[in-house]
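Below: the structure, in structure tokens.
Read-outs throughout are calculated quantities, based only on the coordinates presented, and are distinct from any laboratory measurement. Keep in mind that this is a model prediction, so the values were computed, not measured.
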Amino acid sequence: MLVSELLTSMRYSLNDPNATAFSDPELVDYVNLALNNIHQTLVRIDSDMVRTMQTITTVSGTAYYALPASYWSTAYVHVDGQTTPLDGPKSPSEFLKYPAAQSPGTPTMFMTDATYIYFRPVPNAVMTIYHFHHAPRALVTTASTMPWSGIFDMVVRQFVQLYALNRDEYSLETETALFTLLEKKALDIAGMRLPEYQELDIYP
């Protein structure tokens with residue numbers, strides 16, 4: 001579904017078919033609020049829906065490699081052919097206990113900063129390392145297709161309608177309640193996608 005189609009469908013519920021009360025840019029802002037919240041919720045549970053993979057081909061003796069421009073956070077890292085993920089991300093203080101001058105070999109741990117991913121031991125051969133990570137979500141426009149194959153369209157629509165209808169009587173309490181409801185619905189949908197349904201929760 002296009003974002004424009006979602007807006008058209010919700011305008012009837014908002015009793016605003018001619019866009020006199022709510023402009024398209026305003027509603028698109030609300031859609032992006034909802035999608036950003038869902039994206040962050042999915043990152044917190046490391047959902048496969050927000051995970052992408054960087055393939056790193058190592059060079060013998062090279063300890064660090066550039067991260068993707070869209071890098072946000074690491075899910076896990078493993079060397080091709082090995083079943084156990086690398087240990088990390090390590091903090092700098094932990095990582096620097098293992099200096100690069102130590103015997104090179106197959107990496108067992110990693111650290112990241114804003115630009116690079118670092119390995120210890122330093123790779124001693126050409127090998128393939130898979131870096132599964134999260135990236136920021138691009139903002140949508142009216143011409144965009146709704147992300148995630150549309151499985152969150154109904155909860156986004158509900159959020160946007162409620163957010164718009166409460167625009168003129170804004171309160172922090174209402175906004176918090178709307179985002180909490182959105183996160184819980186997103187978690188419920190994410191749980192239904194697992195092989196066996198799980199009720200997910202990010203709240204203590």
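For this structure, a couple of remarks:
- Rounded to whole numbers, the Karplus 3J(HN,Hα) couplings from phi for the range 137-142 are 8, 6, 5, 8, 10, 4 Hz, using 6.51 cos²θ - 1.76 cosθ + 1.60 with θ = phi - 60°, and x at Gly and Pro.
- Bridges between two residues of the range 19-172, per DSSP, are antiparallel at a rate of about 90%.
- Over the chain, Cα pairs under 8 Å with separation of 6+ residues give a relative contact order of 29 percent.
- Table column - 3J(HN,Hα) (Hz), the range 186-193, Karplus curve with 6.51, -1.76, 1.60, x for Gly and Pro: 5, 5, 5, 5, 4, x, 5, 7
- Dimensions of the chain based on its C-alpha atoms, expressed as ranges along the principal axes with the largest first, amount to 69, 35, 32 Å.
- Between amide H atoms placed 1.01 Å from N, distances below 5 Å from LEU2 occur with MET146, all of them 5 or more places distant or on a separate chain.
- Helix 3-13 axis, angle to the chain major axis (alpha carbon atoms, nearest 10°): 40
- The range 51-134: relative contact order as a whole-number percent, Cα under 8 Å and 6+ apart: 50
- Against the main long axis of the alpha-carbon atoms of the chain, helix 24-44 sits at an angle near 40°.
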